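Single-structure report; data block below.
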Amino acid sequence: MKVLRNLVDKVKPNFVKGGKLEKWYPAFEAMETFLFSPGEVTTHKVHVRDAVDLKRTMITVVIAMVPTLLFGIWNTGYQHYLAYGMEMSHVDYFLFGLKKVLPIIVVSYSVGLGVEFVFAVVKGHPVSEGYLVTGMLIPLILPVTIPLWMVALAAIFCTLIGKEIFGGTGMNFMNPALLARAFLFFAFPAFMSGEIWTDLSPESGQVILDAYSGATNLVIYDANHLEMQSVSDMFWGFEQGSIGETSVFACLIGAFILILTGVGSWKIMLSVFIGAAVMGLLFNGIAPADDPTHYLHTPFYYHWLMGGFAFGAIYMATDPVTAAHTERGKWVYGLMIGGLIVIIRAFNPAYPEAVMMVILLMNVHAPLIDHIVVQNHIKKRLRRAAQ
Amino acid sequence: MSTDTIAPVKTKEKKEGLFSKKNRKALTDPLDDNNPITVQVLGICSALAVTIQVKPAIIMALGLTMVSAFASLIIALIRDSIPGRIRMIVQLIIVALLVTLVDQVLKAFMYDVSKQLSVFVGLIITNCIVMGRLEAFAMAQKPWPSFLDGVGNGLGYGIILITVAVVREFFGAGSLLGYQLVPQWAYDHGYVNNGLMALPPAALFIIGMYIWWQRSRKPKLVNVS
């Protein structure tokens, strides 16, 4: 620690005002505050400062994502060897996954932070911490077979169009990571849907697989919901899907961390789950009785387990910048996300995974929800004052 | 003695030159500072629809320039005899006449392109740029400046249209004006055309980024809209 501090102090004079590299101060500042708590205190009147600044908050979210990441890495290897019918040790599964997932994470972080640093230096504002979370979310919501240059393109797109164009972290009205996924979904549909969920790179001594049924549970659901994987498989995450979203269990650990530290709103998480359950039960009621394989017969809790539902509800919908801000608004926001996800899943087979689009849609409507909540409150108070 | 020679010069100065500063401004302002799409925010709809490829974008830009220029000229010529209450209808008839002309010429000489542009040539009639400039400029100005204003706005529209189309065709299909630019070996190495560029939202993104670039270059435009 001391070595680091000394190193930082040694190069600091170059970056402060009048130094040789003055222009690069934002970049330096970002690195310094990333390593150490900033030592500045307010010079004006009394001002309570919490030790938890934006960087610590972001790091908490990243820590909460670690379980999903670790499981995702393991599952990547597991699905790969499963496709070849090979029994391997857990270490092998993990190592294979690491080999595939790590490059995606590295590309996502380096490209996205690169854009952030360029903007910080050009505009002269401090580097924003928002990308710490976005950079980790992007790999977790992509299929493992995605080419790296597409990851880079998506990272550039979401930082530029999702954030910087509106003024940087905290000014964006849509979740940048989901925007990156939506960009890839529409730009390169062949790489974002279909038989791409399992890495089929050749194994020595095995026949090269070029056709492997890559149908995720979401696709099976539309055809015959009775053929989906078992509830426990879907809960623990032994299924195909984007890297980090398969395990509901890992997401719940993350939810626990987020709620305990107060970083993520439990109201949003809970209401998303409730919204999906209500809509699922409603659909059970209107399902055609003569066709037991019809997708409307799916038990409501399947919706919690399928696809990226839990991941989206816990890590994406709770994004404090893009979610509704008022407490009552959070309930409405969450309920609508949950309900809309089930509606789109049920009625649009062309769009197996609705979580991404629904959260983006509700991000756009969050300010409207807040506005209505606030106006209602004002009206209520006025009515009471008039009595 | 000197006063005699000065007097005629003065009257000559009063008559505006064909390309006086004011007239030049009417022509060049819409290209950038008062661009119909990025500053006046008119004619967005066709900018989203006909910019997948460069060729139809160029034809569309030329067509709109023609219509806008001659509609402005004709309206400015007869502006004093148009009754105020039916001016919109008169404008519409003249615009419709010109658009039909353009449409027929396209059908006769460039059938493929006219197929590609489909209804959008006909929809120039309702293009906000044409009507907007007639109302805002040609109804109150002399014919020549009105003509220049029409040409300028048509070209300003064209600049955006072609810029957007170049980006969309290059990234969406790897070609420009139909010539393949991205070589085959790039595709062999894993390059893929960007499917988003074929969808209308891409045009919106590109226009948005153009506006961003334009505003950051010229801060005086920032509070316009």
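The values are calculated or read from the model by the stated rules, or taken from the named source; none is laboratory data. Bear in mind that the values here come from a model prediction, so they are computed numbers and not experimental data. Neighbour counts are summed over all protein chains in view; Cβ atoms, including those assigned to glycine, are modelled from backbone coordinates with ideal geometry.
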Options B:Lys220, B:Lys142: the member that is of a type in the set (Lys, Arg), surrounded by fewer than 16 Cβ atoms within 10 Å (Cβ to Cβ) and under 30 Å from B:Asp80 (Cβ atoms):
B:Lys142
Does A:Leu296 satisfy the criteria of being farther than 30 Å from A:Ile146 by Cα and either in contact (Cβ under 8 Å) with a residue 24 or more places away in the chain or crowded, with 22+ Cβ neighbours inside 10 Å (or both)?
yes
Contact list, first residue from region A:59-71 and within 10 Å of A:Val133 (Cα to Cα), second anywhere and polar (S, T, N, Q), beta-carbon distance below 7 Å, six or more apart or interchain, is A:Thr60/A:Thr261
A:Arg345 versus (1) closer than 21 Å to A:Thr298 by Cβ; (2) modelled with pLDDT under 90; (3) out of contact with any Lys or Arg (no Cβ under 8 Å at 6 or more places or on another chain); (4) surrounded by fewer than 24 Cβ atoms within 10 Å (Cβ to Cβ): which is the lone unmet condition?
(4)
Name the residues in region B:207-225 that are outside any helix (DSSP H, G or I) and either within 14 Å of chain A (Cβ to nearest Cβ) or touching a helix residue (DSSP H, G or I) at 6+ places or on another chain (Cβ under 8 Å) (or both), would you?
B:Val222
Determine which single condition A:Val321 fails, assuming it passes every other condition in (1) in a helix (DSSP H, G or I); (2) surrounded by fewer than 22 Cβ atoms within 10 Å (Cβ to Cβ); (3) in contact with a Ser or Thr (Cβ under 9 Å, 6 or more places away or on another chain); (4) of a type in the set (Val, Ile, Thr).
(1)
Hey, among A:Phe173, A:Phe185, which residue is at pLDDT 80 or above, part of a helix (DSSP H, G or I) and among the aromatic types (Phe, Trp, Tyr)?
A:Phe185
Criterion: on the phi > 0 side of the Ramachandran plot and among the aliphatic types (A, V, I, L, M) - qualifying residue of B:Leu134, B:Leu177
B:Leu177
Any residue in region A:178-202 that is more than 12 Å from chain B (Cβ to nearest Cβ) sitting within a Cβ distance under 7 Å of a residue that is among the basic types (Lys, Arg) and assigned to a helix (DSSP H, G or I)? List the pairs, counting only those 6 or more apart or interchain.
A:Asp199/A:Lys100
Output for region B:150-206, where each listed residue is assigned to a loop (DSSP other than H, G, I, E, B) and either within 14 Å of chain A (Cβ to nearest Cβ) or modelled with pLDDT of 90 or more (or both):
B:Gly174, B:Val182, B:His189, B:Gly190, B:Tyr191, B:Val192, B:Asn193, B:Asn194, B:Leu199
Suppose we filter A:Gly307, A:Gly264, A:Gly285, A:Gly312 for residues that are crowded, with 22+ Cβ neighbours inside 10 Å and assigned to a helix (DSSP H, G or I); which single one remains?
A:Gly312
Conditions (1) within 14 Å of another protein chain (Cβ to nearest Cβ); (2) in contact (Cβ under 8 Å) with a residue 40 or more places away in the chain: number failed by A:Val111:
(1)
Find the helices (runs of 4 or more DSSP H) located wholly in region A:84-166 whose residues include 3 or more that are farther than 24 Å from A:Glu353 by Cβ and β-branched (Val, Ile, Thr), and list them.
A:90-123
Among the residues of region A:151-167, are any closer than 16 Å to B:Gly190 by Cα and surrounded by fewer than 22 Cβ atoms within 10 Å (Cβ to Cβ)?
yes
